[in-house]
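Shown next, in structure tokens, is the structure this report addresses.
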Amino acid sequence: MKTPLALAFCLFPILAPAAENPPAPPETGLEFIDTSFENASPVSWEIGTNGVIHVFLMYDHQRSSPNRAAGHFHFQLQARPGSRLTLELRNLDNVWNGRPGSVAKELKAVVVSANGREWQSVATRQLPENRIQVDVEMPGPRLFVARLEPYRISDLDRFLSEIRPSPLVRIEAIGRTVEGRELEIVRVGDPAAPHRVFIRARAHPWESGGNWVVHGLVERLLKDDADARAFRQRYCLYVMPMANKDGVARGKTRFNSGGWDLNRAWDQPAPADLAPENHALEQWLATMTARGQRPDLGLDLHNDGYGKLHISRPDVPTLEKYLADMARFEGLLRQHTWFTEGSTGSSFRNPGTLGDGWFERFGIPAAVLELNANWIEGKKKMPLGADWEEFGAGFARVFYEYFARSSGEAEKRPAASGG
């Protein structure tokens with residue numbers, strides 16, 4: 001028989017206090033963040049209690065390494081027109097060359113576009129704990145936000161289709177990516193020209209500046225004027241326009257789909273299964289060397305937050321001449337483009353990069369050119385695609401002057417006329 005107290009518990013059970021409902025996020029006007037389109041970056045997001053929209057980037061990782069990277073972002077805000085949104089970018093704690101690091105300090109601007117074609121720069125502000133905030137206003141129901149003005153695979157395909165009919169252009173498939181996308185080498189000019197320049201762009205997916213530079217350079221060389229004809233008479237251009245197509249398609253930051261950094265391990269042969277992009281380029285280089293057409297200069301185009309010409313210094317017999325040539329090249333960059341950032345110091349060495357590896361392993365004078373993603377000191381502005389194209393057009397004359405001494409034609413150079 002139950003006691004009165006036990007009966008009371010049966011009739012009136014002790015109830016735990018009701019959990020408080022979490023407060024509803026404040027009204028911001030945001031409806032959705034879309035990442036379903038080409039080159040979009042994978043993100044997660046939530047609206048904080050203060051109305052700030054927290055956007056969490058997703059890391060990509062390097063195989064057999066602690067290295068991880070998050071810095072590319074490209075997404076579409078869907079919100080009420082006229083809304084003013086504050087975005088806070090998180091997960092910027094990268095690991096680079098085995099050391100903790102962050103892109104927060106160098107991420108000083110983003111670009112925005114209402115239609116995905118016309119972009120403008122917006123300054124960011126830094127917060128503690130490697131966070132970045134940026135304020136945007138919705139001009140309509142949709143707004144794209146990106147780290148740099150995007151250059152997608154579809155943009156490259158469109159450009160290649162435009163230049164393919166030219167008798168001055170040859171587009172050669174040299175291999176495929178990890179996921180099976182075709183890799184091209186684009187030749188512009190006469191292969192019988194006395195000198196050859198090789199340029200690679202987009203080894204790291206977020207660094208679209210290199211694609212815009214290549215775009216501007218190729219367009220300049222294909223013009224039908226006296227300068228362009230003189231440029232093509234002196235050198236032939238070979239370009240690998242987009243080395244990491246898988247990463248570009250998937251909105252990744254640094255590594256290929258095999259977890260390989262395509263700007264590392266150039267001091268040894270590339271594995272065909274994990275880094276087919278580098279393996280294909282090595283095979284192409286071997287073929288060119290066998291033909292007696294090895295490049296006379298190699299450049300790997302990248303973006304970072306500082307913008308320098310990375311001149312490596314391996315212990316090779318031709319180092320002194322190489323350093324003199326690179327000093328002359330840097331001077332020509334300053335003269336014919338808006339480049340002002342300078343080059344790395346006298347003790348710099350970064351083994352395994354294409355610039356270092358091609359020089360030490362193959363004897364090809366090569367360097368890595370980092371293009372400042374945040375600021376063009378020479379133009380006092382934040383960079384957009386048109387600025388990179390202008391830089392590329394200036395490159396055409398840089399190479400012409402660089403090879404003048406070897407060609408014995410320094411006094412025959414054409415007058416400057418728009419790049």
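The values are calculated or read from the model by the stated rules, or taken from the named source; none is laboratory data. Quick caveat: nothing in here was measured; it's all calculated off a predicted structure. Please note: Cβ atoms are built from the backbone with ideal geometry, for glycine as well, and neighbour counts cover all protein chains shown.
Please enumerate the residues belonging to region 304-334 that are within 20 Å of residue 383 (Cβ to Cβ) and either buried (at least 19 other Cβ atoms within 10 Å of the Cβ) or out of contact with any Lys or Arg (no Cβ under 8 Å at 6 or more places or on another chain) (or both). The answer is 304, 306, 307, 308, 309, 310, 330, 333, 334.
Within the set 28, 86, the sole residue that is assigned to a strand (DSSP E or B), without any contact (Cβ under 8 Å) to a residue 60 or more places away in the chain and either in the same structural domain as residue 252 (by TED's automatic domain parsing) or surrounded by 14 or more Cβ atoms within 10 Å (Cβ to Cβ) (or both) turns out to be 86.
Where helices (runs of 4 or more DSSP H) fall wholly inside region 354-419, the ranges with 3 or more residues that are modelled with pLDDT of 95 or more and crowded, with 16+ Cβ neighbours inside 10 Å are 354-362, 385-402. Going by the conditions given, is residue 69 touching a residue at least 60 places away in the same chain (Cβ under 8 Å), touching a strand residue (DSSP E or B) at 6+ places or on another chain (Cβ under 9 Å) and under 16 Å from residue 206 (Cα atoms)? When the stated conditions are applied, residue 69 passes them.
Would you check if residue 95 is more than 22 Å from the chain's Cα centre (by Cα) and within 23 Å of residue 148 (Cα to Cα)? In short, no. For the condition more than 29 Å from residue 372 (Cβ to Cβ), among the hydrophobic types (A, V, I, L, M, F, W, C) and without any contact (Cβ under 8 Å) to a residue 12 or more places away in the chain, residue 324 does not qualify. Identification of helices (runs of 4 or more DSSP H) wholly contained in region 134-246 with 2 or more residues that are surrounded by fewer than 22 Cβ atoms within 10 Å (Cβ to Cβ) and hydroxyl-bearing (Ser, Thr, Tyr) yields 153-163. Restricting attention to region 290-309, does a residue exist that is assigned to a helix (DSSP H, G or I), out of contact with any helix residue (DSSP H, G or I) (no Cβ under 9 Å at 6 or more places or on another chain) and not polar (S, T, N, Q)? Within region 290-309, one or more residues are assigned to a helix (DSSP H, G or I), out of contact with any helix residue (DSSP H, G or I) (no Cβ under 9 Å at 6 or more places or on another chain) and not polar (S, T, N, Q). Residue selection: residue 51 satisfies the criterion of being at pLDDT 90 or above, of a type in the set (Gly, Ala, Ser), more than 30 Å from residue 151 (Cα to Cα) and surrounded by fewer than 17 Cβ atoms within 10 Å (Cβ to Cβ). State yes or no: is residue 110 hydrophobic (A, V, I, L, M, F, W, C), touching a Gly at 6+ places or on another chain (Cβ under 6 Å) and more than 17 Å from residue 34 (Cα to Cα)? Spelling it out, it is not the case that residue 110 is hydrophobic (A, V, I, L, M, F, W, C), touching a Gly at 6+ places or on another chain (Cβ under 6 Å) and more than 17 Å from residue 34 (Cα to Cα). For residue 115, state whether it is in contact with a helix residue (DSSP H, G or I) (Cβ under 7 Å, 6 or more places away or on another chain) and at pLDDT 95 or above. No: the conditions fail for residue 115.
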